[in-house]
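The values are calculated or read from the model by the stated rules, or taken from the named source; none is laboratory data. The shown structure was predicted, so the numbers you read here are calculated from the model rather than taken from an experiment. Cβ coordinates were reconstructed from backbone atoms using ideal geometry, including for glycine residues, and neighbour counts include every protein chain displayed. Note: accessible area is taken over every heavy atom of the protein model, side chains too, but ligands, DNA and RNA are not part of it. Shrake-Rupley method; radii C 1.70, N 1.55, O 1.52, S 1.80 Å.
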Amino acid sequence: MSFPFSRPAGLAVAIGTLAAVGLTACGGATHAGTKAAAATTQAAPAAHGHAEAPAAAAQPAVATSAVTMDNFSFMPAAIKVKAGTAVTWTNSDEEPHSVVSSEEPMRSKTLAGPNNTFTHTFSKPGTYHYNCGIHPFMHGTVEVTA
């Protein structure tokens with residue numbers, strides 16, 4: 001039998017197909033809320049079939065030092081704190097999440113399951129963008145004022 005592509009290309013297609021099948025596990029019952037949210041938003045689906053998180057810059061910054069990870073998003077996505085404030089992220093999802101930023105060197109451990117927290121103190125004014133290291137479509141911003 002002859003194929004219109006090389007053996008390495010065929011292997012790449014087979015591996016890609018297996019990877020796609022493996023990732024369908026992200027559509028399980030624990031994501032029911034995410035699917036409902038995706039159905040009500042205009043955002044295009046991202047990897048794993050989750051709705052793309054709205055850009056943090058589009059939302060006004062909320063004066064708080066507490067961020068919740070819920071329904072595969074940071075809430076609120078944009079916060080404003082004074083320099084020296086400790087910000088705490090709490091995972092409310094069943095799925096693991098993390099907090100990662102290269103602008104303010106910070107990397108949480110994996111926050112596996114509900115009620116796991118990570119706290120980071122922002123010492124210098126500026127705007128710091130972060131995301132979930134496991135689900136990079138989850139974005140957030142911390143605006144630090146003097």
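If we scan the stretch 101-108, do we find a residue that is in contact with a Leu (Cβ under 8 Å, 6 or more places away or on another chain), at pLDDT 95 or above and of a type outside the set (D, E, K, R)?
No, the stretch 101-108 contains no residue that is in contact with a Leu (Cβ under 8 Å, 6 or more places away or on another chain), at pLDDT 95 or above and of a type outside the set (D, E, K, R).
In the stretch 104-118, how many residues are at positive phi and either basic (Lys, Arg) or surrounded by 13 or more Cβ atoms within 10 Å (Cβ to Cβ) (or both)?
Looking only at the stretch 104-118, we keep the residues that are at positive phi, and these are 113, 115.
Then keep just the ones that are either basic (Lys, Arg) or surrounded by 13 or more Cβ atoms within 10 Å (Cβ to Cβ) (or both); that gives 113.
Of the residues in that region, 1 qualify.
Quickly run through the stretch 120-146 and pick out the residues that are open to solvent by 10 Å² or more (accessible area, probe 1.4 Å), of a type in the set (Ser, Thr, Tyr) and under 15 Å from MET75 (Cα atoms).
THR141
When you check GLU94 against the structure, is it open to solvent by 20 Å² or more (accessible area, probe 1.4 Å), within 14 Å of ASN131 (Cα to Cα) and in a loop (DSSP other than H, G, I, E, B), yes or no?
Considered against the rule, which asks whether it is open to solvent by 20 Å² or more (accessible area, probe 1.4 Å), within 14 Å of ASN131 (Cα to Cα) and in a loop (DSSP other than H, G, I, E, B), GLU94 comes out as no.
Within the stretch 54-70, is there a residue that is modelled with pLDDT under 50, open to solvent by 40 Å² or more (accessible area, probe 1.4 Å) and of a type in the set (A, V, I, L, M)?
yes
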